[in-house]
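**Q** My questions will all concern the structure given below.
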Amino acid sequence: MILDLITTIGGLIIPPVFSFIKKKFLTGSDDPEETLNTLALTKPEVLSAYVTAQAALLDAQVKFFNRDVVGEPSKWVVDLRAAIRPSFVLISLFIRGLGFIYGWQIDEAYCMLMDTCISSWFGSRLC
């Protein structure tokens with residue numbers, strides 16, 4: 001019971017706290033938006049080349065990520081990929097709710113897995 005509480009609170013609190021700490025204390029990060037701002041203020045003549053290079057990098061990353069996909073994936077495959085995590089969260093909520101209502105004895109490892117998934121999904125939505 002106490003481990004369920006710890007994993008749930010941890011999953012809810014850790015993503016927003018990590019995001020806050022990263023934004024607040026880790027200045028000088030090398031993200032493209034900051035580089036675009038700096039280039040726009042200091043050297044606007046190289047801005048178009050930088051944007052072109054970032055677009056080529058993003059295209060290469062997408063091609064590498066989808067290296068096992070031949071051609072364009074069908075719409076149902078894309079929808080299925082997008083639905084996996086939210087459906088697991090909903091199923092976990094349903095099972096935990098029924099377990100609470102009917103007093104089911106669910107294995108503690110499964111409870112921690114479901115609680116972590118649910119709370120991390122909600123925690124990532126708070127960021």
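The values are calculated or read from the model by the stated rules, or taken from the named source; none is laboratory data. These numbers come from a predicted model, not from an experiment. Every residue, glycine among them, receives a Cβ derived from its backbone with ideal geometry; neighbour counts consider all protein chains shown.
**Q** Name the single residue that is farthest from Arg81 (Cα to Cα) among those in segment 54-66 being among the hydrophobic types (A, V, I, L, M, F, W, C) and surrounded by 11 or more Cβ atoms within 10 Å (Cβ to Cβ).
**A** Start the filter on segment 54-66 by keeping residues that are among the hydrophobic types (A, V, I, L, M, F, W, C), which leaves 55-58, 60, 62, 64-65.
Next, from what is left, pick out any that are surrounded by 11 or more Cβ atoms within 10 Å (Cβ to Cβ): 57-58.
Numbers: Leu57: 23, Leu58: 20 Å.
The qualifying residue farthest from Arg81 (Cα to Cα) is Leu57.
**Q** If you go through segment 97-127, how many residues are under 25 Å from Phe18 (Cβ atoms) and not small (Gly, Ala, Ser)?
**A** 13
**Q** Of everything in segment 22-46, what is β-branched (Val, Ile, Thr) and either touching a Ser or Thr at 6+ places or on another chain (Cβ under 8 Å) or modelled with pLDDT under 80 (or both)? Give them in sequence order. Give the steps one after another, and end with the answer.
**A** Filtering segment 22-46 down to residues β-branched (Val, Ile, Thr) leaves 27, 35, 38, 42, 46.
The answer is Thr27, and nothing else.
**Q** Further question: If you go through segment 1-28 one residue at a time, how many are surrounded by 10 or more Cβ atoms within 10 Å (Cβ to Cβ) and without any contact (Cβ under 8 Å) to a residue 60 or more places away in the chain?
**A** To start, the set of residues in segment 1-28 that are surrounded by 10 or more Cβ atoms within 10 Å (Cβ to Cβ) comprises 3-23.
Subsequent filtering for residues that are without any contact (Cβ under 8 Å) to a residue 60 or more places away in the chain retains 5-6, 17-18, 20-23.
So the answer is 8.
**Q** Follow-up. Within segment 10-17, does at least one residue satisfy the condition of being touching a Ser or Thr at 6+ places or on another chain (Cβ under 9 Å) and of a type in the set (Gly, Ala, Ser)? Can you show your working first?
**A** Applying the first criterion (touching a Ser or Thr at 6+ places or on another chain (Cβ under 9 Å)) to segment 10-17 yields 10-16.
Now narrow it down to the ones that are of a type in the set (Gly, Ala, Ser): 10-11.
There is at least one residue in segment 10-17 that is touching a Ser or Thr at 6+ places or on another chain (Cβ under 9 Å) and of a type in the set (Gly, Ala, Ser).
**Q** Still on this model: Being loosely packed, with under 11 Cβ neighbours inside 10 Å, closer than 17 Å to Asp4 by Cβ and either over 17 Å from the mean Cα position of the chain (by Cα) or at pLDDT 85 or above (or both) narrows it down to one residue among Trp76, Trp104; which is it? Can you show your working first?
**A** Numbers: Trp76 fails: closer than 17 Å to Asp4 by Cβ.
Answer to the selection: Trp104.
**Q** Of the residues that make up segment 31-49, is at least one in contact (Cβ under 8 Å) with a residue 60 or more places away in the chain, closer than 30 Å to Phe122 by Cβ and surrounded by 10 or more Cβ atoms within 10 Å (Cβ to Cβ)? I'd like the intermediate steps shown before the answer.
**A** First, pick out the residues of segment 31-49 that are in contact (Cβ under 8 Å) with a residue 60 or more places away in the chain: none.
No.
**Q** I would also like to ask the following. Going by the conditions given, is Ser19 assigned to a helix (DSSP H, G or I), out of contact with any strand residue (DSSP E or B) (no Cβ under 6 Å at 6 or more places or on another chain) and modelled with pLDDT of 85 or more? Spell out the reasoning first.
**A** Details: assigned to a helix (DSSP H, G or I): yes; out of contact with any strand residue (DSSP E or B) (no Cβ under 6 Å at 6 or more places or on another chain): yes; modelled with pLDDT of 85 or more: no.
In short, no.
Residues are listed down the side, and each one gets a yes or a no for (1) outside any helix (DSSP H, G or I); (2) within 25 Å of Leu3 (Cα to Cα); (3) over 19 Å from the mean Cα position of the chain (by Cα):
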position: Val62; (1), (2), (3): no, no, no
position: Arg67; (1), (2), (3): yes, no, yes
position: Arg85; (1), (2), (3): no, yes, no
position: Cys117; (1), (2), (3): no, yes, no
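**Q** Turning to a different aspect of this structure: So, Ile95, is that one closer than 30 Å to Leu12 by Cβ, loosely packed, with under 10 Cβ neighbours inside 10 Å and either in contact (Cβ under 8 Å) with a residue 12 or more places away in the chain or among the aliphatic types (A, V, I, L, M) (or both) or not? Show your work before the answer.
**A** Working: closer than 30 Å to Leu12 by Cβ: yes; loosely packed, with under 10 Cβ neighbours inside 10 Å: no; either in contact (Cβ under 8 Å) with a residue 12 or more places away in the chain or among the aliphatic types (A, V, I, L, M) (or both): yes.
Judged against the criteria, Ile95 is not a match.
**Q** Evaluate the following for Val51: is it assigned to a helix (DSSP H, G or I), modelled with pLDDT of 80 or more, within 30 Å of Thr116 (Cβ to Cβ) and not polar (S, T, N, Q)? Before you say what the answer is, go through the steps one by one.
**A** On the way: assigned to a helix (DSSP H, G or I): yes; modelled with pLDDT of 80 or more: yes; within 30 Å of Thr116 (Cβ to Cβ): no; not polar (S, T, N, Q): yes.
For Val51, the condition - assigned to a helix (DSSP H, G or I), modelled with pLDDT of 80 or more, within 30 Å of Thr116 (Cβ to Cβ) and not polar (S, T, N, Q) - is not met.
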